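What follows draws every value from the coordinates through simple rules; no lab data is involved. Computed from a predicted structure; not experimentally measured. Backbone-built Cβ (ideal geometry, glycine too); neighbour counts: all protein chains shown.
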Amino acid sequence: MKTLEPFQPLPSPSAGAPSSLPGNNMSMPTTELAQHPTSLRAQEMPLRGVRNNIVQSIRAYHAHDLQEAAIALGQHFLYADLSSAQTKQEVLDLLAEQFTLPMHFSRNFDALYDCLTDPLHKSGPQPGFVVVLEHIPATARFDKETREQLLDIFRDAADYWADRKIPFRCFYSFQ
């Protein structure tokens, strides 16, 4: 059986590209993508048929394909590998690190929701978001109720952005 290599984000676009998501090191695409509509349509394919505001299992999707689709659509891409986390605090620490959340992030679910919504909305027009949460822990110290609370934060963020007509798609997997 072939083993998949760990996800590595695509390199950031060259200088002169539009700015990145406030507090996130994943940059927006360059205008070069707009010059290649055929390849752009192919890169959008993983998101074709996926509602604009949803939180769903990653299932048959691959993080690389979702990242390319986000770039092709000019949307922010946020990725977190939570495989080393076993507790709620470790999950929040990894999200803070991998999403490069602000230093004042108080590492609780309410603060996570706040970071995913209001400050971004106030920073100006947003093109949309594709979020990937891989390997959410399924341990006694991060039980089903806590997993659902985490996913509810992202569902609430999807609703927040839906009210503003901004796509917010979150894909997740469990350990």
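Cys170's amide H: which non-local residues (gap 5+, or another chain) put their own amide H closer than 5 Å, with H modeled 1.01 Å from N in plane and none for Pro or chain starts?
Amide H neighbours of Cys170, under 5 Å, 5+ apart: Ile54, Val55, Gln56, Val131.
Per 0.36 nm of contour for each residue apart, how much would the distance between Gln56 and Arg164 grow if the chain were fully extended, relative to their Cα-Cα spacing?
On the way: separation 108, 0.36 × 108 = 38.88 nm, distance 2.02 nm.
Residue separation times 0.36 nm, minus the Cα-Cα distance, leaves 36.9 nm.
Take Gln175 and Gln86, extend 7 Å from each Cα along the Cα→Cβ direction, and tell me the distance between the two endpoints in nm.
Those two pseudo-labels are separated by 0.8 nm.
Output ³J(HN,Hα) for region 118-127: one whole-Hz value per residue in order, computed from phi by the Karplus curve 6.51 cos²θ - 1.76 cosθ + 1.60 with θ = phi - 60°, and x for Gly and Pro.
Values, residue by residue: 3, x, 5, 4, 6, 7, x, x, 10, x Hz.
Taking θ = phi - 60°, what integer Hz values does the Karplus form 6.51 cos²θ - 1.76 cosθ + 1.60 yield along region 60-72, in sequence order, with x for Gly and Pro?
7, 7, 10, 4, 4, 5, 5, 5, 4, 5, 4, 5, 4
7 Å from Cα along Cα→Cβ at both Thr139 and Asp65: what's the point-to-point distance in nm?
3.0 nm
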